[in-house]
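K.L.:
Have a look at this one.
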Amino acid sequence: MRQLIRGRTLSFHADPALSEDAFTYHENGAVLVEDGKIVATGDYADLRADGLPEIDHRPNLILPGFIDPHLHFPQVQVIASWGAQLLDWLNTYTFPSEAQFSDEGHATRMADAFLKLLLSHGTTSAVAFCSSHPQSVEALFQASEARNMAMIAGKVMMDRNAPEAVLDTPQRGYDDSKRLLEKWHGRGRQRYAITPRFAITSTPEQMEATGTLVREHPDCHIQTHLSENLAEIEFTLSLYPKARDYLNIYESYGLLGPKILLGHSIHLREREIARMAETGSRAIFCPTSNLFLGSGLFDEAGLRAAGITSGIATDIGGGSSYSMLQTLNEGYKILQLRGQKLHPFAAFHWATRGNAVALGMEDRIGTLTPGTDADLVILDSRATPAMALRMEKAQTLAEELFVLQIMGDDRSVAQTYVAGRPML
Ligand SMILES: [Zn+2]
């Protein structure tokens, strides 16, 4: 079915940090959608036609749906757990909660709740860690496929330094991943991510099996964690005494390249930065999590200057909000502490096209370009009394976007479309 979605359209076609002409904005705009794809984006007057059904979202903004490139599906009930830094937080809260995902009924209920939360916050695509149990992956992909969402997810591989209930073995990790990958990767909009949790919870044998999977399936993303916390780095290097640095562990098993998403990437050495740039490996900034767990301050400008492409993500449940708007808010503050600036145009590019570029998927998601999937978020910059009052003084689109970036959350999401279908 063909239909017109009307509002103020904003879409990026380049990184605002690199180009003066980075976006297209139509004050009286519309997006023409058919069979889940964007057919055209432009002025309403040029796209309207007699008999064409219309949904009118004026005066709200229409943007591509947000993309969240790092979060943990089995941590929906871990969010807001008090008082610990990374390693304690994992042992005290996270592993016990993830253990519950061996129960299929629990995993199914949580998958439904998780996707509802993503959509109510305007997030239409995500890259998710599941638990070590194949049931958790099945539950998430089934729920995502039912909504036709573009989901990238994988079974966590972990075979040491955690309770038995969340561990696999090198062989079982490989076999389960392989089976899930062959079933789900490329099925509709679902994609599989090979998912070693991090070097602390994988033996060299498991890292070896991970490398084999990556060689056998070069089309899959790889998601893991890198240099989030100083105690983590110290423990990691004690487990891999021959490694030159943390990154060198992943490097020596052949995991680096444009498909790897390295969550956090905060406390990096010079050699690591150079190798990430040379191999095209991606860094993922998780601001609310980095503040919540006291992990450290991401160096956006430094990594950019080195030539590294970064994404920005919530990292639920170390992260404290599902909202990419709140993620941009906390990202702005972290970069302030670094003496760096996150301009609202750069921020909204990052959460949409920028994250799609980090995933190598900008030809499918993250813009309002014709031929891409019609995943949209409708944003109301006057959603709360405080925002409405502030908006009385906003003169420009950049000011309005900054109000959304700093004050916005799920209350600002008026609607979310997945492949052309309204989800709220
Ligand atoms: Zn994480």
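The values are calculated or read from the model by the stated rules, or taken from the named source; none is laboratory data. On a predicted model such as this, the values are computed, not experimentally measured, just so you know. Counting neighbours? That spans all protein chains shown, and the Cβs are built from the backbone with ideal geometry, glycine included. In case anyone asks, the SASA skips ligands and DNA or RNA and just uses the protein heavy atoms, side chains included. Shrake-Rupley method; radii C 1.70, N 1.55, O 1.52, S 1.80 Å.
K.L.:
Check L261, L230, L237, L256 and return the single one that is free of Cβ contacts under 8 Å to residues at least 24 places away in the same chain and aliphatic (A, V, I, L, M).
P.N.:
The conditions single out L237.
K.L.:
Give me a count of the residues in region 172-209 that are over 23 Å from L140 (Cα atoms) and open to solvent by 40 Å² or more (accessible area, probe 1.4 Å).
P.N.:
The number of residues fulfilling the criteria is 3.
K.L.:
Hey, another quick one. I need a count of the residues in region 301-314 that are more than 16 Å from the ligand (Cβ to nearest atom) and either part of a loop (DSSP other than H, G, I, E, B) or under 18 Å from the mean Cα position of the chain (by Cα) (or both).
P.N.:
Of the residues in that region, 3 qualify.
K.L.:
Here is a further query. Tally time: how many residues in region 91-109 are assigned to a helix (DSSP H, G or I), open to solvent by 10 Å² or more (accessible area, probe 1.4 Å) and not basic (K, R)?
P.N.:
12
K.L.:
Filter region 33-69 for residues that are among the acidic types (D, E) and in a loop (DSSP other than H, G, I, E, B); which is surrounded by the fewest Cβ atoms within 10 Å (Cβ to Cβ)?
P.N.:
Here the answer is D50.
K.L.:
Turning to a different aspect of this structure: Tell me which of these L86 doesn't satisfy, since it passes every other one: (1) in contact with a helix residue (DSSP H, G or I) (Cβ under 9 Å, 6 or more places away or on another chain); (2) open to solvent by less than 10 Å² (accessible area, probe 1.4 Å); (3) not assigned by TED's automatic domain parsing to the domain that holds G263.
P.N.:
(3)
K.L.:
How many residues does region 97-116 contain that are under 27 Å from L424 (Cα atoms) and out of contact with any Lys or Arg (no Cβ under 9 Å at 6 or more places or on another chain)?
P.N.:
So the answer is 13.
K.L.:
When the residues of region 385-424 are filtered to those that are outside any loop (DSSP other than H, G, I, E, B) and among the polar types (S, T, N, Q), which remaining residue is most open to solvent (accessible area, probe 1.4 Å)?
P.N.:
Q415
K.L.:
Scan A143, A209 and give me the residue that is more than 16 Å from the ligand (Cβ to nearest atom), among the aliphatic types (A, V, I, L, M) and closer than 30 Å to I378 by Cβ.
P.N.:
Just a single option satisfies the conditions, and that option is A143.
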